[in-house]
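The values are calculated or read from the model by the stated rules, or taken from the named source; none is laboratory data. The shown structure was predicted, so the numbers you read here are calculated from the model rather than taken from an experiment. Here the Cβ positions follow ideal geometry from the backbone for every residue, glycine too, while neighbour counts run over all protein chains shown.
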Amino acid sequence: MSAHQHPHEEQDFLFKYVFSQDHKMISKQFLITGFIMGFIGLSMSTLFRLQLGFPGESFWIIDFLLGSWAENGVMLPDKYLALVTMHGTIMVFFLLTAGLSGTFSNLLIPLQIGARDMASGFLNMLSYWFFFVSSVIMLISLGVEGGAASAGWTIYPPLSALPQAIPGSGLGMTLWLVAMAIFIASSLLGSLNYIVTILNLRTKGMTMTRLPLTIWSFLITAIVGVISFPVLLAAALLLVFDRSFGTSFYLSDIYIGGQVLEHSGGSPILFEHLFWFLGHPEVYIVLLPALGITSEIVSTMSRKPIFGYRAMITSMLAIGFLSAIVWGHHMFVTGMNPFLGAVFTFTTLLIAIPSAVKVFNYITTLWKGNIKFSPAMLFSIGLVSTFISGGLTGLILGDSALDINVHDTYFVVGHFHIVMGLSGIFGMIAGVYHWFPKIFGRMLNNNLGNAHFWITIVSSYGIFFPMHFLGLAGVPRRYYTNSEFPLFENLLDINTLITWFAILAFAGQLIFFFNFVYSALRGPKAPQNPWKGNSLEWTTGVKHIHGNWPGEIPTVHRWPYDYSKLNENGDYVTGEDFIPQIVPLGEGELDGGGH
Amino acid sequence: MTTISLDNIKYKAEIRQKTAKPLLWIGLISIVMFFAGLTSALIVSKSNSIWIKLEVPSMFFISTILILFSSLTYQLSMSFTKNNQLKFATITTILTFVLGISFTVTQFYAWQQLYQSGIFWAGEQSNPSGSYFYALTALHLLHLFAGLISLLVVVTKSLLKKYSPTNVLGIQLSLTYWHFLTALWVYLFFFLKFIA
Amino acid sequence: MIALVAIVAVLLVIATAVQILKIAELRATESGKEIYEISAKQSKAQAFLLMVFLVAYFGFFAWQVWKWGGLMLPVSASEHGVGVDELMNITLWFIIPVFIITHIFLFWFSYKYSFSETRKALFFSHSNKLEMFWTIIPSVALTVLILVGLSNWNKIMTPISSETEHVLLEVCGQQFMWGARYAGKDGKLGRASVEYIEGVNALGIDVSDENSKDDKIVKGEFHLPVGVPVQFVFRSQDVLHSAYMPHFRAQMNCVPGLKTQFNFTPTITTAEMKEKTQNENFEYILLCNKICGAAHYNMQMNIVVESKEDYEKWLAEQKEFGAE
Ligand code: HEM
Ligand SMILES: [Cu+2]
Ligand SMILES: [Cu+2]
């Protein structure tokens, strides 16, 4: 059999690296763009943490980096809000939606289901380029007159609609909206491709119940995205109309800057409904891929099948479904009908059940395993920990009666950073450590990886755990400083401590970036199957080729979790502790976890 | 053993056969969600006290009939192609395109009617109830433009005799989208007439 | 200059790190292994660190409670708030043990089953019984939480009936201050709208409305009588605000174009709270808890809770709107 041969092997640089339609290259593009955005978002948080930890103190670095957004080394109050808004937007959408889903859905879907590429390479390429353009516009908005969007990542009108209310609602907000519209297009194009590829292009034998959990999580994420992102687009569009054409969908009875506005008849609450119809599912768009990735890693590194494969899928489906009917828990104190509030409390707390099932299944997977602690595995354990720590406080916030007093306080900031921010980041980083050999054909350095993990988990709990206490002391979020209230006088120590941890967290990520760049260029060459995994991506060569497999795509004969399976004599069936999916079932052997 | 390469034209066509329709369908789902979002927004806004009930302009009846007809002609064109009556197919496709353009024209007339009866898109005298009328219909029209472009492609290709009874995927996709636009319009029409 | 030195320093650090990595790789290859391979010893070391982390994490939690527990909001100063605090405690008594137990299992298993060349992992793929068990247990616990939670919620959200004696108070948000208006003798608030805002009439009250004549507008602080239910009505003139009164476990958004409501009964006077918190300067406070612009962080109004007599005396001193 001759190896894969193209008539025109020498592709142009432009088509190989820039306008590539190859899913592996697109995945790399998403990863690198996402990380650059993530680094910017992270730096922003470190900067505004300086202000919160040392309110009013002058910093050279703030002057240097923020320029006209600061005065004498202290950032300006409205620019603080601009930073918070951009930080939130970048982290949630650019790093943890596009960066996470874009990278791993693109990399793993074709490789793990046994396809040569995505259903439409062209749409896939468009998806990346929309993301890229959207990122660029978002960054440009940092430099425009009036500053970047400053109404919070939730951009509630009227604040986001009226430049009179805050300077960032001028050109900055316009660019934000343009960037997000393009972002949504990118996300939809991506999701279309993911869904169709998974449903239509699986290789022979790859039934739905033989799919790795990663693929299931990407599928559910994509479906949730297709259903909820268009609604955000609708919400944003009506906001654009209000801002630019003078309609009144969200605006009514406003007196600002010494005059009464013409708008009448609209309601900002409408925006909140539309926004959170996306906004909540968005949390799961971030979380589900992280859960899928870590399920795969935990199973592989424990040398055990993932416990309760079907229960894991069912819980993800349940979470995906429920995520669409809980948005009202962000609106308990908007004056909504109390009965509706009760319904939303009920649906919200229901989500705890599938989440709990997932946690217990993770833990049981570890039980009696034979666990190798690669950095990916450490981050996966970290994810289970953050998912528990952050998920439990969700029970407080989802309970309408309790939410009254903690809504929009630092308790919320602590909660969502742990359950969404940290879990998302941990899942993504775990994925990078695990599949780095597949992406770059080289290995990351383990010692640096371990150091990265320990610094990250210690500092991130150091940042976000104390925030719950701030919240319980009544500190609202999106405050430039807490020093204006006698009530908060004694809390400065907590804020200072958090800031020190934030600086540590930032430093820890530098180790990772160093490891990433060094290893991508100089790291030791990867073997084909470094973690002894079962799924199909490890049957492809280390060197990337167009079409993934040189000959026929392998046929699949079993589920991907046959680790440490023994025969009647108590020996490993294949002599090794793993049986790749391409190995036919033995005589009388049951698939899917049967013995 | 033969090598399957991604650059293999036949392989590419095969993938397209397999995935083009599902891609379109899921795209349609996202458009449905977009309009579901907008129409539920209208329902939420309606509970506001100063909501004004509006009459649908009479032009919308005509546009509804036009678009229903266009779906019919497009469907006919599909059957003609399948029966290898390519000339008729081309004629009916062009007819569909003309009907689509007429639909667009009637929409503009309808907006004029609205405007003349004092219902404004924006500004001091506008009310969200009126703005929704314009917004929903205009956004539908925006999607229709995409349909018109696809029709243009089909018209050109059938003039160039690119289609045959076994090669109808392109028409099929455009047709599905066009039917979808019709259904969406009928939904919006009844929604505006009875709910708004 | 500083920047230059910094850049050189960073480059040096990177160069050193690259060298160290290279040497480490060479040493590994010499010993016949690949550097990325994870030995049982290395796994064990990480597993040990995980145990250390578990203890440190719990320790950190306990330290925070010990160190900052006293800085939290004091006991609830409203009637319904007591129920809210109770509910909070019930919830905490549920989630903290779950937090601790799951973490112990997670980290203990990680430690115990860390890699060894000789052990074989157990092929254990599912168990309907176990999975049933941990679907049902959380369901039952959640049912309890939901029931207690909703009974509180319904109580809090029930408006005060017009027959019971109560104070009717409107709070209006604007960038970046609060205005408060008492309904006056007639117990009715006069009509208000942004259209009427002019000069001193900053709250936009309709002068021609009979009900507004005896309304009383106050600035800087407002007073409440202890033990009497207060019906709040909230408005906003410009953007969203949120009226947050943490000591009363009360919060409601202020929405332009919409009136929202909340009610509570204060139970502890400011003076009593000063004693309870042993803080001479203690004040109840109303603050803004919805991002509303540059000075969102500084939008406050003091609340004074006092005996009914003191309250009435204070209120009598306030000017009626029509008197101006
Ligand atoms: C070391 C890392 C991080 C630090 C120190 C940090 C810190 C903060 C702080 C202090 C706030 C609240 C600011 C305020 O309310 O005034 C905030 C807001 C936020 N952060 Fe982070 N964060 C970090 C990472 C992340 C990650 C990974 C995510 C991803 C989900 C994220 C998402 C958000 C969002 C959505 C907001 C809300 C923005 C808003 O209020 O509009 N952050 N961050
Ligand atoms: Cu939510
Ligand atoms: Cu505010």
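Computed quantities for the displayed model
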read-out	value
Cross-chain or 6+ apart pairs with Cβ under 8 Å, region A:317-333 first and in contact (Cβ under 8 Å) with a residue 40 or more places away in the chain, then among the charged types (D, E, K, R) and within 16 Å of ligand 1 (Cβ to nearest atom)	A:His330/A:Glu272; A:Met331/A:Glu272
Some residue of region B:125-136 being surrounded by fewer than 15 Cβ atoms within 10 Å (Cβ to Cβ) and either modelled with pLDDT under 95 or within 14 Å of the chain's Cα centre (by Cα) (or both)	yes
Helices (runs of 4 or more DSSP H) within region A:52-171 that include 2 or more residues away from ligand 3 (no atom under 16 Å from the Cβ) and within 12 Å of another protein chain (Cβ to nearest Cβ)	A:60-66, A:77-89, A:121-140
Residue in region A:391-405 that is touching a Pro at 6+ places or on another chain (Cβ under 7 Å) and within 19 Å of C:Leu73 (Cβ to Cβ) present	yes
Every residue from region A:401-421 that is assigned to a helix (DSSP H, G or I) and within 13 Å of ligand 2 (Cβ to nearest atom)	A:Asp403, A:Val412, A:His415, A:Phe416, A:Val419, A:Met420
Filtered residues of region A:436-453 (kept if out of contact with any Phe, Trp or Tyr (no Cβ under 9 Å at 6 or more places or on another chain) and not in a helix (DSSP H, G or I))	A:Gly441
Where a residue in region A:199-214 is assigned to a loop (DSSP other than H, G, I, E, B) and its partner, wherever it lies, is surrounded by fewer than 16 Cβ atoms within 10 Å (Cβ to Cβ), with Cβ under 8 Å and at least six apart	A:Leu201/B:Lys18; A:Thr203/A:Thr555; A:Lys204/A:Thr555; A:Gly205/A:Thr555
Some residue of region C:238-255 being away from chain A (no Cβ under 14 Å) and in a helix (DSSP H, G or I)	no
Odd one out for C:Ala45 among (1) under 18 Å from A:Phe469 (Cβ atoms); (2) surrounded by fewer than 15 Cβ atoms within 10 Å (Cβ to Cβ)	(1)
Where A:Trp435 falls short, out of the listed (1) at pLDDT below 95; (2) under 22 Å from A:Phe104 (Cβ atoms)	(1)
Positions within region A:263-293 being in a loop (DSSP other than H, G, I, E, B) and surrounded by fewer than 22 Cβ atoms within 10 Å (Cβ to Cβ), in sequence order	A:Ser264
Residue selected from region A:458-484 under the condition facing chain C (nearest Cβ under 7 Å) and of a type in the set (A, V, I, L, M), by the criterion nearest to ligand 2 (Cβ to nearest atom)	A:Leu472
Identity of the residue in region C:253-294, in contact (Cβ under 8 Å) with a residue 60 or more places away in the chain and under 17 Å from the mean Cα position of the chain (by Cα), that ends up farthest from C:Leu189 (Cα to Cα)	C:Tyr284
Complete set of residues in region A:479-494 that are of a type outside the set (Val, Ile, Thr) and surrounded by fewer than 20 Cβ atoms within 10 Å (Cβ to Cβ)	A:Ser483, A:Glu484, A:Phe485, A:Pro486, A:Glu489, A:Asn490, A:Leu492, A:Asp493
Which numbered condition A:Ser187 fails, given (1) among the small types (Gly, Ala, Ser); (2) surrounded by fewer than 23 Cβ atoms within 10 Å (Cβ to Cβ); (3) assigned to a helix (DSSP H, G or I)	(2)
Subset of region C:295-309 that is within 16 Å of ligand 1 (Cβ to nearest atom) and touching a residue at least 12 places away in the same chain (Cβ under 8 Å) - its residue that is farthest from the other protein chains (Cβ to nearest Cβ)	C:Met299
Every residue from region A:575-590 that is within 13 Å of another protein chain (Cβ to nearest Cβ) and either surrounded by 14 or more Cβ atoms within 10 Å (Cβ to Cβ) or aliphatic (A, V, I, L, M) (or both)	A:Asp577, A:Phe578, A:Ile579, A:Glu589, A:Leu590
Which listed residue, of B:Ser117, B:Ser102, B:Ser158, B:Ser129, is within 21 Å of B:Leu38 (Cβ to Cβ) and polar (S, T, N, Q)	B:Ser129
Test: residue in region A:58-70 that is modelled with pLDDT under 95 and hydroxyl-bearing (Ser, Thr, Tyr)	yes
Condition met for C:Glu79 (of a type in the set (Asp, Glu), out of contact with any Cys (no Cβ under 9 Å at 6 or more places or on another chain), more than 7 Å from chain A (Cβ to nearest Cβ) and farther than 30 Å from C:Lys274 by Cβ)	no
Selected residue [of a type in the set (Val, Ile, Thr), within 30 Å of A:Thr386 (Cβ to Cβ) and either surrounded by fewer than 24 Cβ atoms within 10 Å (Cβ to Cβ) or in contact with a helix residue (DSSP H, G or I) (Cβ under 9 Å, 6 or more places away or on another chain) (or both)] from A:Val240, A:Val260, A:Val231	A:Val231
Among the candidates C:Lys259, C:Lys274, residue that is over 30 Å from A:Glu272 (Cα atoms), within 14 Å of chain A (Cβ to nearest Cβ), surrounded by fewer than 16 Cβ atoms within 10 Å (Cβ to Cβ) and more than 16 Å from ligand 2 (Cβ to nearest atom)	C:Lys274
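A quick yes/no check of all residues on (1) hydroxyl-bearing (Ser, Thr, Tyr); (2) within 30 Å of A:Ile455 (Cβ to Cβ); (3) assigned to a helix (DSSP H, G or I); (4) at the interface with chain A (Cβ under 10 Å from one of its Cβ atoms):
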{"residue": "C:Ala28", "(1), (2), (3), (4)": "no, yes, yes, yes"}
{"residue": "C:Ile38", "(1), (2), (3), (4)": "no, yes, no, yes"}
{"residue": "C:Lys44", "(1), (2), (3), (4)": "no, yes, yes, yes"}
{"residue": "C:Ala56", "(1), (2), (3), (4)": "no, yes, yes, yes"}
{"residue": "C:Phe61", "(1), (2), (3), (4)": "no, yes, yes, yes"}
{"residue": "C:Lys67", "(1), (2), (3), (4)": "no, yes, yes, yes"}
{"residue": "C:Asn89", "(1), (2), (3), (4)": "no, no, yes, no"}
{"residue": "C:Ser139", "(1), (2), (3), (4)": "yes, no, yes, yes"}
